[in-house]
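The values are calculated or read from the model by the stated rules, or taken from the named source; none is laboratory data. As the structure is a computational prediction, the values presented were derived from the model and not from experiment. Counting neighbours? That spans all protein chains shown, and the Cβs are built from the backbone with ideal geometry, glycine included.
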């Protein structure tokens with residue numbers, strides 16, 4: 001009789017989240033949230049200011065950039081960025097190769113902004129030649145929107161080349177770096193953009209509840225009156241901070257304090273380079289291990305970001321995804337179903353407070369689950 005597996009657990013006894021965020025957080029991050037503060041308490045105000053001052057350093061922003069926090073999920077920050085930075089008579093070229101590009105288009109349409117779409121398959125980056133042609137042929141395009149890492153597939157889009165193209169045409173770039181910020185390099189000294197949106201619960205490894213936009217000060221100063229909502233007006237949010245040091249509306253205090261602790265862990269690990277290296281090693285172990293079991297990745301290595309990996313669903317009729325998912329969850333691992341529109345797939349994240357041994361243990365657990373399901377993929381490897 002085979003002894004039952006002991007479920008994998010985090011430092012606090014929780015299942016390991018192999019997802020693109022929310023993700024597994026350290027015990028120290030959770031412990032940071034056990035106290036209460038008033039939103040106008042001097043200690044909290046100082047913590048919040050420290051967070052806002054630290055974030056531009058991640059992109060080497062210096063004094064040219066400022067952080068504008070936005071209560072809510074990452075999409076709140078993306079919508080705030082788009083509806084604040086794009087004037088009402090502006091036109092946005094939206095680069096789409098997944099669900100988050102589609103979401104940006106929907107945000108802009110609801111806000112009444114003019115939209116032009118360049119769409120490629122979910123496993124393909126934007127066609128830069130076509131983008132060049134679009135920008136060269138339409139002087140009315142004021143902005144370009146791009147997703148840094150599109151977690152629909154896990155693809156890493158060529159944000160550096162996109163930025164170079166946009167700058168050459170004299171247009172403005174807005175970046176959704178939600179799943180990449182803090183793990184993939186984004187150096188504002190080399191990559192020119194007006195604003196980048198991210199959130200607390202991704203590669204900085206905090207908890208959900210705070211989005212933020214790191215904005216070029218000169219560009220933010222030109223956005224007064226653009227916003228279509230009171231709550232998501234980044235210009236007004238920033239102006240209020242400048243004047244009072246306070247949020248206009250109740251902030252997610254415990255999330256912000258946890259994020260402050262997460263930033264300290266981030267810098268202690270070596271910032272973008274250190275965290276990115278760990279995630280890259282996690283991804284390497286995951287991909288090599290899963291391929292050895294017979295699984296196929298959607299993306300070639302050159303397009304794969306070390307954030308989340310999409311795998312094709314096996315064709316073996318004995319492989320039932322819900323059973324596979326449930327068995328992994330019982331073993332202490334939570335993965336994500338696929339998000340592709342063109343193929344059956346599932347996704348496994350490489351980020352969060354996870355290391356190489358966690359990934360090795362996960363692959364071993366997958367092997368065991370396949371054996372229990374009677375699925376023999378190795379012959380196809």
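Quick one: is residue 92 modelled with pLDDT of 95 or more, buried (at least 23 other Cβ atoms within 10 Å of the Cβ) and closer than 20 Å to residue 141 by Cβ? Criteria met by residue 92. If you filter the range 15-26 down to residues that are modelled with pLDDT under 95 and over 13 Å from residue 348 (Cβ atoms), you find that the one that is surrounded by the fewest Cβ atoms within 10 Å (Cβ to Cβ) is 22.
Collect the residues in the range 27-43 that are modelled with pLDDT under 95 and either outside any loop (DSSP other than H, G, I, E, B) or within 22 Å of residue 361 (Cβ to Cβ) (or both), keeping them in residue-number order. Spell out the reasoning first.
Keep residues of the range 27-43 that are modelled with pLDDT under 95, which gives 35-43.
42, 43, listed by residue number.
On the stretch given as the range 70-101, residues that are in a loop (DSSP other than H, G, I, E, B) and in contact with a helix residue (DSSP H, G or I) (Cβ under 8 Å, 6 or more places away or on another chain) total 1. When 226, 201 are checked against the criterion of being outside any helix (DSSP H, G or I), in the same structural domain as residue 69 (by TED's automatic domain parsing) and out of contact with any helix residue (DSSP H, G or I) (no Cβ under 7 Å at 6 or more places or on another chain), a single residue qualifies: 201.
Residues in the range 62-89 that are on the phi > 0 side of the Ramachandran plot and crowded, with 17+ Cβ neighbours inside 10 Å: 72 alone.
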